[in-house]
Structures are given as C-alpha cells and as structure tokens.
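Presented below is the structure to which this report refers.
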Amino acid sequence: MDNMDITVKEFSCPEDLRCTPRFRWHPTAIYGLVIFGLVVIVSIFAPLLSPYDPTDQDLRNRLKPPTVEHPLGTDNLGRDVLARIYYGGRQALVISFVTIMISATFGTVMGALASRRAGSFLDEILMRSVDLFLAFPQIIISLMIVATLKPGFWPLVLALSITGWTVYARLARAVGLEICSQTYIEAAVATGESEWLIMRKHIIPNTLGPILAQIFLRFGHTLLTIAGLSYLGLGIQPPTPDWGSMLSEAQPFMVRVPTLLLFPGLAIFITALSVTMAGQGLMLMFDPQQKRTWQ
C-alpha cells in the first residue's frame, strides 16, 4: 500500500498543467456569446420589434432627432433609424456565416492534408499559396474581386471565402503536425488505415476546438470587411438596409445629425467586439495553458 501511494504521488500532475480537463467555460466566452446571441435574435425578429418598414420613406420627417415615435430618429429620407439597425445586420450576418463555413471547411481540409504531407511538394504548394494570399490585405483582394464582378450576395461570399481560408489552413496544419507526431498515429499507419481515414478520424476532429475559436475570431473581422465594402458601395446594395451603407449615407449629415453615424457604428462595434470576445474565451477554454499569457 505504501508503495502504491508513493507511485500515485510521483505521477500526479500539478494543478496548473493539463491534467485538469481542457474544456472549461470562460467568462469572456460567456459574455461574448450572450451579447452576440442577442444581436442575432434582434436581427431575426426585427419585424416583431419594429413597427416600421426599413425602406419606407417620409420626406416630411427627414433628419429628425430621437423622439418617442422614432427612438433613434430618422435619416435623410425619413426612414426610421432603429428599424434600419434592426434589419441592417441580417445580410451581413448571413454573408459572414456562409463565408466562414466555406473558408473554415476548405482551409481545415487543406491544412490537415498538408500536415500529413509535411515537407512534400504538395505541402510546399499549399503553404506558399497561403503566404501569397496573406501578403495582401484581405480587403484589397476582396475589393478587386467584387469590383470585377457585380456586387451582390454571392460575389461577396466568393471574395471573402477566397481570402479567408488561409488562416484556417495554417492553424489546421500546425495542429495537425503536432497530432501526427503522436504514437497513436503511428499505430494507425501500422495497422493499415488509409490516409483519408487518419485525417477524418484523428487529425480533423482534434483540430475542431482551435478551429472553432478561430471561427469566432474571424467572424468579427469578416463582418468589418463587409461593412467596409458596403461603405464603399461594393457590398450590400440599397435599398436593403446595411450598417456599412448607413454610415456612408449618414456621412454628408454628420455635423447636423451626428447620431446617424453613431448608432450604426455602435451596432458594428458591439457585434464585432462580442464575437471576438467569444473567440478569445473559446481559445482559453480549449487551451487553459494560454491563460497565463492573458493574465
């Protein structure tokens, strides 16, 4: 019994290392997810929350300050600003979601494939392609693609997907290289499992935690890119309400009615901040060792 007790003590791990479960709810993730969830709910149930149509014009009541009838005032065409903010997140959130799903899926598969072919010609081609895309700002490439095509839903998805997969590919490759060094991968190879089965069964599932955290971190960046393109007139087109186009329309009246810029800007800021907080919290939840770098 004494020897058994000594053995257990020798192999017991300190509490600050990874002997404790890796997955823990982090306050940052909770706060971010709650706020982001509220934004999504408001966008979905916008028709129930606002009695006004975001495209209805009332030129007799244009550029009005906040009142009981219009809590956030009206814009230069007499449209209710609160209704346009409610509806404004719909297209941007949907485009961001579709783009992130396409980019994350393609990038994760490419990164996992590169990790199994580390040092090969295929790995070099994939990683140099990633470096080439990362050498240019995402918004510049997106501008070129959207300007070449007709601005719309699918051109935006295409432009953002082409420039967004690289982050997931690098992350999946880095995690995959660590996984490929494990003994159970060698055992899987020795038992004759195919490369595709090893990727599907071992590598890709173990990358989902970091990839999920990266999805939330990139969601806010994608949302800001969409808002920037809409501000420049290459994103979501009128009369569909959008936070970025609302900023563009409000710019000529920023001195007379500064709230026209303030409210859509706050909507963009709160949404991007909340989803980024969720991503940072998820990163800490899946990797508690990073907690020391945040303290």
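Every read-out reported here was derived from the displayed coordinates using simple, explicitly stated rules and does not represent laboratory data. On a predicted model such as this, the values are computed, not experimentally measured, just so you know. We place every Cβ from the backbone using ideal geometry, glycine too, and count neighbours over all the protein chains shown.
Structure notes:
- Angle between the chain longest axis and helix 153-180 axis [Cα atoms, degrees, rounded to 10]: 20 degrees
- Dividing the C-alpha radius of gyration of the chain by 2.2 N^0.38 Å, with N its residue count, gives 1.26.
- Along the axis of the charge dipole computed for segment 103-231 (Cβ charges of +1 for Lys and Arg, -1 for Asp and Glu, origin at the Cα centre), the listed residues Trp196, Gly228, Ile179 are led at the positive end by Gly228.
- Counted by neighbouring Cβ atoms within 10 Å, the residues Phe153, Phe36 run from fewest to most as Phe153, Phe36.
- Computed from point charges on the beta carbon alone (+1 for Lys and Arg, -1 for Asp and Glu), the dipole magnitude for the chain about its Cα centre is near 500 Debye.
- Relative contact order for segment 175-295, counting Cα pairs under 8 Å that sit 6 or more residues apart, in percent: 27 percent
- Inter-centroid distance (Cα atoms) of segment 128-163 relative to segment 42-80, Å: 34 Å
- Order of Ile236, Ile198 - criterion: other Cβ atoms within 10 Å of each residue's Cβ, fewest first: Ile198, Ile236
- Lys, Arg +1 and Asp, Glu -1 on Cβ, resulting dipole of segment 41-140 about Cα centre, debye, nearest 20: 80 debye
- Relative to the longest principal axis of the Cα atoms of the chain, helix 121-134 runs at roughly 30 degrees.
- Rounded, prolate or oblate (a/c below 1.5 giving rounded, otherwise prolate when a/b exceeds b/c) for segment 142-295 by Cα gyration tensor: oblate
- Order of Ile185, Ile215, Ile203 under a 10 Å beta carbon neighbour criterion, fewest first: Ile185, Ile215, Ile203
- To the nearest ten degrees, helix 259-286 and the longest principal axis of the Cα atoms of the chain are 10 degrees apart.
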